[in-house]
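Here's the structure, in structure tokens; my notes come after.
The values are calculated or read from the model by the stated rules, or taken from the named source; none is laboratory data. If you're wondering where the values come from, they're calculated on a predicted model, not measured in any experiment. Ideal geometry is used to build each Cβ from the backbone, glycine not excepted, and the neighbour counts take in all protein chains shown. SASA here: full protein model, heavy atoms, side chains in, ligands and nucleic acids out. Shrake-Rupley method; radii C 1.70, N 1.55, O 1.52, S 1.80 Å.
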Amino acid sequence: ASFPLLCFRSPLVTPLVFGLLLQASPTQLSTITQPNFVLLLADDLGIGDVGCYGNDTIRTPNIDRLAKEGVKLTQHIAAAPLCTPSRAAFLTGRYPLRSGMDATNNYRVIFWNAGSGGLPPNETTFAKVLQQQGYSTGLIGKWHQGVNCESRNDHCHHPLKHGFDYFYGMPFTLISDCQPTETPEMDRAFRRKLWLSTQMIGLLTLTAVLGRLTGLISVHWKTLTCLAAFSLLFFLSWFSSYGFVQYWNCIMMRNHGITEQPMVTDRTTSLILRESISFIERNKHKPFLLFLSFLHSHTPLLTTEKFLGRSRHGLYGDNVEEMDWMVGQVLDAIDKEGLKDTTLVYFASDHGGWLERQEGGRQLGGWNGIYKGGKAMGGWEGGIRVPGIFRWPGVLPAGTIIDEPTSLMDIYPTVVHLAGGAVPQNRVIDGRDLLPLLQGAVVHSEHEFLFHYCGVHLHAVRWHQKDTGAVWKAHYVTPIFSPPGAGACYHRGFCPCFGEGVTHHDPPLLFELLQDPSEAKPLSADTEPLFDTVIRKIGRAIEEHRRTLTPVPEQLSVSNVVWKPWLQPCCGTFPFCWCDKEGDN
């Protein structure tokens, strides 16, 4: 970052600097310039679905090529086991409960484009820092961090309010409701509760009206009006959850404008790929950040005809192979523009594969390899251990494998540092700069402890004992699998974070992950001499961690996740929302 200043200080300094640079290695040269960043984030991809992580039946040659030409992390951890909180942590470098993006209830993700919750405007994303450093910043694909706060067009949670110059994609997330031929996916339990609440409020309103008319109850007309309004709101929320999900949630946007409502799923993949390559081409002459947030491999597994039936794992395998092809197309675009040596490419998944996602005997969710559990499970490795690959030719040593605890939150300080920026000093940043570890300048990750949350509930803690290399993990809460021993919550569809669906452990279950990565055999004081020492050490770390937490507004509270008609993004006149601007073009 200081190089341009040095060059123009004096005629005497310039030859000296030039001579030193001629002798410098390519690695040293590259680290003093602002590289481009291409961040590739898959959706619901299991670590066991990728060739370079052990899958020998789903073909992922392009992702595998990234690992061969770069650094592969084998202990890369998501900060949450679900989309919304995990992505909030990725964008901010902070545990999601610090920004209010983790839930105290069962509504653990953003449910509607017309909810009022989302990534708070006072959070600083890595895109915002890079924007201030002169980068062109683009987000293509999935957002799922909210849209509006108080009105239909305030866009307070929108990507363009969080440091991105350009956005094309889904403000929500891909769901089966977006594909008319698929079984609706929007939370069926949520719909049942919404209907029950509608009936209860309606009955209360009716009782109050009858009591007022007969003189049995003294109720003010303003109170009745409020009750009637609530009844109508809950009824509209319930009704819209059936009849209008495709129109309300399955939309595509370019910057602040809606381009498709509902989205035309047959062309979504090609449009996202086209937009990604176009962004690289438009910004090749200046530093850029491209965050390609794939809709693959989330249900309904949108897959073009070219890839249908190609894999040995049905539609899910076809979808993963198509995503790998998209990765290859983006890498080809980087090569074509001569940007390979000046671009840091990163590939990961937002969390583990969804084991319970099945339909008609078909497995529609991912595979997490040898690791127990999956999506929605905050403690077990299968829900949070994900692929993590970095490539930067000439700077990062090719073919390197690092088995150290790292986090998706680490992308924040790593990218900010390389761009010449500074992480915010007025808040806790939980991520750590990975560059020294990736380059081999240090042996161990900076993370001593990682805290594994399910919603706001702490389920497990990982301790990296650096003097011995051991990686201990203590589980304080685990989900109850159904049926028993099945390895997932098949009867529920998702494993819960609290309540009757979990077991609390005192003392906690303890595993040493290097010896038992599948978390199959819990240790005890009888079998592990260090058991009490490890549990005490982790307990003290939890106390210190909790002292760093401060209360913030809950973005995923029921009042924030419920559908609000006045916040519904609409192409047209509400409620008649429809447009197809891509088709018109």
- Task: Identify the single condition in (1) open to solvent by 20 Å² or more (accessible area, probe 1.4 Å); (2) within 24 Å of residue 81 (Cβ to Cβ); (3) modelled with pLDDT of 95 or more that residue 390 does not satisfy, given that it satisfies every other one.
- Result: (1)
- Query: What number of residues in segment 411-432 are part of a loop (DSSP other than H, G, I, E, B) and farther than 14 Å from residue 35 by Cα?
  - Reply: 11
- Just one of the numbered conditions (1) in contact with a Ser or Thr (Cβ under 9 Å, 6 or more places away or on another chain); (2) polar (S, T, N, Q); (3) farther than 23 Å from residue 97 by Cα is not true of residue 406; which one? (3)
- Task: Among the residues of segment 37-63, count how many are in a loop (DSSP other than H, G, I, E, B) and open to solvent by less than 30 Å² (accessible area, probe 1.4 Å).
- Result: 8
- Item | Options 160, 119, 130, 139: the member that is farther than 16 Å from residue 84 by Cβ and open to solvent by less than 10 Å² (accessible area, probe 1.4 Å) | 130
- Message: Residues to consider are 68, 72; find the one that is part of a strand (DSSP E or B), open to solvent by 10 Å² or more (accessible area, probe 1.4 Å) and over 21 Å from residue 254 (Cα atoms).
- Response: 72
- For residue 341, are the conditions met, namely being under 25 Å from residue 375 (Cβ atoms), in a helix (DSSP H, G or I) and modelled with pLDDT of 95 or more? no
- Kindly state which helices (runs of 4 or more DSSP H) lie completely within segment 202-306 and contain at least 1 residues that are farther than 19 Å from residue 112 by Cβ and assigned by the TED database to the domain that holds residue 375. 268-282
- Could you tell me whether any residue of segment 356-363 is part of a loop (DSSP other than H, G, I, E, B), surrounded by fewer than 20 Cβ atoms within 10 Å (Cβ to Cβ) and on the phi > 0 side of the Ramachandran plot? yes
- Among 307, 279, the single one that is surrounded by fewer than 21 Cβ atoms within 10 Å (Cβ to Cβ) and not charged (D, E, K, R) is 307
- Query: Name the residues in segment 444-483 that are buried (at least 20 other Cβ atoms within 10 Å of the Cβ), over 18 Å from residue 402 (Cβ atoms) and charged (D, E, K, R), would you?
  - Reply: 473
- Which numbered condition residue 553 fails, given (1) assigned to a loop (DSSP other than H, G, I, E, B); (2) in contact with a strand residue (DSSP E or B) (Cβ under 9 Å, 6 or more places away or on another chain); (3) open to solvent by 80 Å² or more (accessible area, probe 1.4 Å): (2)
- Search result, residues across segment 560-585 that are charged (D, E, K, R), part of a helix (DSSP H, G or I) and in contact (Cβ under 8 Å) with a residue 24 or more places away in the chain: 581, 582
- Note on the structure: Going through segment 241-250 in order, the residues found to be touching a residue at least 24 places away in the same chain (Cβ under 8 Å) and either open to solvent by 10 Å² or more (accessible area, probe 1.4 Å) or under 17 Å from residue 166 (Cα atoms) (or both) are 242, 244, 246, 247
- Item | Check on residue 459, touching a residue at least 12 places away in the same chain (Cβ under 8 Å) and either over 29 Å from residue 356 (Cβ atoms) or among the polar types (S, T, N, Q) (or both) | no
- Name the pairs: first residue in segment 364-389 and more than 20 Å from residue 480 (Cα to Cα) and of a type in the set (Val, Ile, Thr), second residue open to solvent by 10 Å² or more (accessible area, probe 1.4 Å) and part of a strand (DSSP E or B), Cβ to Cβ under 9 Å, at least 6 apart or on different chains? 389/72
- Query: Do you know which of the residues in segment 387-434 that are within 18 Å of the chain's Cα centre (by Cα) and of a type in the set (Phe, Trp, Tyr) is nearest to residue 335 (Cα to Cα)?
  - Reply: 390
